[in-house]
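Enquirer: Mind having a look at this structure? Questions to follow.
The values are calculated or read from the model by the stated rules, or taken from the named source; none is laboratory data. Computed from a prediction, not measured in an experiment: that's the story for all the values here. Every residue, glycine among them, receives a Cβ derived from its backbone with ideal geometry; neighbour counts consider all protein chains shown.
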Amino acid sequence: MRIDELLRLETLGLELVWGEPELLRQEISGVTATDLLDPSEYVQTGEVVLSGLVWWTARGGKQRADRFVTALRRAGAVALLAGVVRHNGLPEEIVEACRENGIVLAAVSAETTFRTITDEIYLRRWGALTASPHSSLPDHVRRALDRLIREQAPAGEVLDRIAAQLGGLPCALVTASGRTIARSSGAPVQPPAAIVRGLRREAANQPVGRADSPYDTWYLHLPGPQAPPRLLQEVAGMLRHYRDVAVEEQDRRDQAMRELVTQLDRGDIENSSATVVLPDFGWVPQRVVTAVTTPHRPGAAAAALREVLAHLGTEPIAVGVHGRQAVAVVPEIKDVATHLVSLHDLVQSCDPETELHLGLGDPADALTGLRDSLVRSAHACRAGAHLGRAVTTVADLTTLGGLLAGVPHPVRTTFSREVLGELLDPEPSRAELRATLEAFLDHNGSWTRTAEALFLHVNTVHYRIERVEKLTGRDVSRLDDRIDLYAALQALDEDQSRRMRASQAATSTSPAGEISSPATDSGAPSGTRPR
């Protein structure tokens, strides 16, 4: 398959940003999804690279763009397919770097997932291979496998028969995050990270069944020479039975978990479903783990949380959805937060354009203690999402800003609006007052240091703070009022803060080093005196 053929596929909606005609005729050998700044170790010659551009920042600019694209050229990549969601388009520095290094660049819309592109490339490559009639499963082998599956033989036993049919090639049934579900006797034991790299590099990976999200995709994985594609597709179709059975059982347990979480939230646990989803409760302490994705997709968050916990070996896992968050109850594991941090990036790599955040509650020694664990876990998860943390516990929230980050968005917004009032208005005069208040609080109420930081006369600072006090009804000389104002500023969400900073920047006209006169600033009277 060539690059120009890939770009012409209407189902993907790829938009060519740069690429010379001769470069577009290059053959594609495979595909790798990555957001490492230097991915050269994982990229193979002839591959297309998918990236959500998480590694790029405006501050890094051209330097970071050059480093990433140069690494692609060094590794022999032929094209970069970049997501437009994170930066609302493709930064010009990246376009220029691709042009300089001879790397074809195409934009991936928000509607197209990286998994869709990956599957399309591999399916086209397999279809391009000439498969003889002998490459499919013989009837007697298919009947034997059907019989084993109907008799509910272990998946490993079925994989042994498949490996034999593939001429002794080892094979395994794995998930998109590298977790091994089953493997043939001759298949090597691989760490999850190695399996994920193999899924990205090698063509001999056939999806098993249809996944609801990138996190719960299964693959027939052959960590070795490529087998006939038609045979792989037939075998993967037969293995779908194991996935269907697992999904059916998972749905039953998830329903019980949803009921349990609802009862915990209401404080009604006398007739809970704990016996279904917590068979060992009473012997081992349990704790609640919560997950959320950004953007919010509760179903995907549940699949991601299930996959993270399955890596810990705590199967079977039941995951319920509570509001926008996915919730699970698991037995206490030593250093569980450390384990979750190590697994987070592995599972998030299934969908690099979606952020995954985990919250961890405290362990409970009795069923009644799970409600507190649920509350702490949910709060920590919301805070972690707001602060950009992978894994968060309530014990990590040791600042006022961290504590407020876990307060639900509507509550934070209302609190800020009620405390700051007209200071949130977008007009320039209010932006000046907000900037002065922030600087005043940041400098511990020092009039002199605030004036120096803002390049203002100290009388101007006095006048502006008096305006703040009048508009908010707060007295900055009182500790409780000062804390309220600080908390209201901290509680602003990221979008509000960004708009406020932009408004303040637009109204800042005094060049660095210039001291404003109180007589010419916001109408301050010339007779104002420092307190």
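Enquirer: Quick one: count up the residues across the stretch 81-114 that are of a type outside the set (A, V, I, L, M) and part of a helix (DSSP H, G or I).
Expert: The total comes to 8.
Enquirer: Quick test of your reading of the structure: Ser132 fulfils all but one of (1) farther than 27 Å from Leu14 by Cβ; (2) modelled with pLDDT of 85 or more. Name the failing condition by number.
Expert: Unmet for Ser132, out of (1) farther than 27 Å from Leu14 by Cβ; (2) modelled with pLDDT of 85 or more: (2).
Enquirer: Another one. Condition check: more than 19 Å from Gln348 (Cβ to Cβ), of a type in the set (Gly, Ala, Ser) and touching a strand residue (DSSP E or B) at 6+ places or on another chain (Cβ under 9 Å). Does Gly46 satisfy that?
Expert: yes
Enquirer: Another question about this same structure. Looking at this structure, is Asp119 surrounded by 15 or more Cβ atoms within 10 Å (Cβ to Cβ), in a helix (DSSP H, G or I), modelled with pLDDT under 70 and out of contact with any strand residue (DSSP E or B) (no Cβ under 6 Å at 6 or more places or on another chain)?
Expert: Spelling it out, Asp119 is indeed surrounded by 15 or more Cβ atoms within 10 Å (Cβ to Cβ), in a helix (DSSP H, G or I), modelled with pLDDT under 70 and out of contact with any strand residue (DSSP E or B) (no Cβ under 6 Å at 6 or more places or on another chain).
Enquirer: Taking the conditions exactly as written (within 39 Å of the chain's Cα centre (by Cα) and at pLDDT 85 or above), does Ala506 satisfy them or not?
Expert: No.
Enquirer: Could I ask something else about it? In the stretch 1-24, which residues are farther than 19 Å from Arg201 by Cβ, in a helix (DSSP H, G or I) and either within 26 Å of the chain's Cα centre (by Cα) or aliphatic (A, V, I, L, M) (or both)?
Expert: Leu7, Leu23, Leu24
Enquirer: Now for a different question. Would you be able to tell me the number of residues in the stretch 25-42 that are over 22 Å from the mean Cα position of the chain (by Cα) and buried (at least 18 other Cβ atoms within 10 Å of the Cβ)?
Expert: Number of matching residues: 3.
Enquirer: Separate question: Anything in the stretch 73-91 that is of a type in the set (A, V, I, L, M, F, W, C) and either without any contact (Cβ under 8 Å) to a residue 12 or more places away in the chain or closer than 18 Å to Glu20 by Cα (or both)? List them, or say none.
Expert: Ala77, Val78, Ala79, Leu80, Leu81, Ala82, listed by residue number.
Enquirer: Could you check, for the stretch 300-309, whether at least one of its residues is without any contact (Cβ under 8 Å) to a residue 24 or more places away in the chain and either acidic (Asp, Glu) or outside the structural domain of Thr217 (by TED's automatic domain parsing) (or both)?
Expert: yes
Enquirer: Looking at Leu423, Leu367, Leu454 in this structure, which one is assigned by TED's automatic domain parsing to the domain that holds Pro295, of a type outside the set (Val, Ile, Thr) and out of contact with any Cys (no Cβ under 9 Å at 6 or more places or on another chain)?
Expert: Leu367
Enquirer: Out of all the residues in the stretch 329-350, which are over 19 Å from Pro191 (Cβ atoms) and buried (at least 24 other Cβ atoms within 10 Å of the Cβ)?
Expert: Within the stretch 329-350, Val329 is the sole residue that qualifies.
Enquirer: Take the stretch 149-191 and flag every residue that is at pLDDT 85 or above and polar (S, T, N, Q).
Expert: Gln152, Thr175, Ser177, Thr180, Ser184, Ser185, Gln190
Enquirer: Against the condition buried (at least 22 other Cβ atoms within 10 Å of the Cβ), out of contact with any Asp or Glu (no Cβ under 8 Å at 6 or more places or on another chain) and not in a loop (DSSP other than H, G, I, E, B), how does Ala326 come out, does it pass?
Expert: For Ala326, the condition - buried (at least 22 other Cβ atoms within 10 Å of the Cβ), out of contact with any Asp or Glu (no Cβ under 8 Å at 6 or more places or on another chain) and not in a loop (DSSP other than H, G, I, E, B) - is met.
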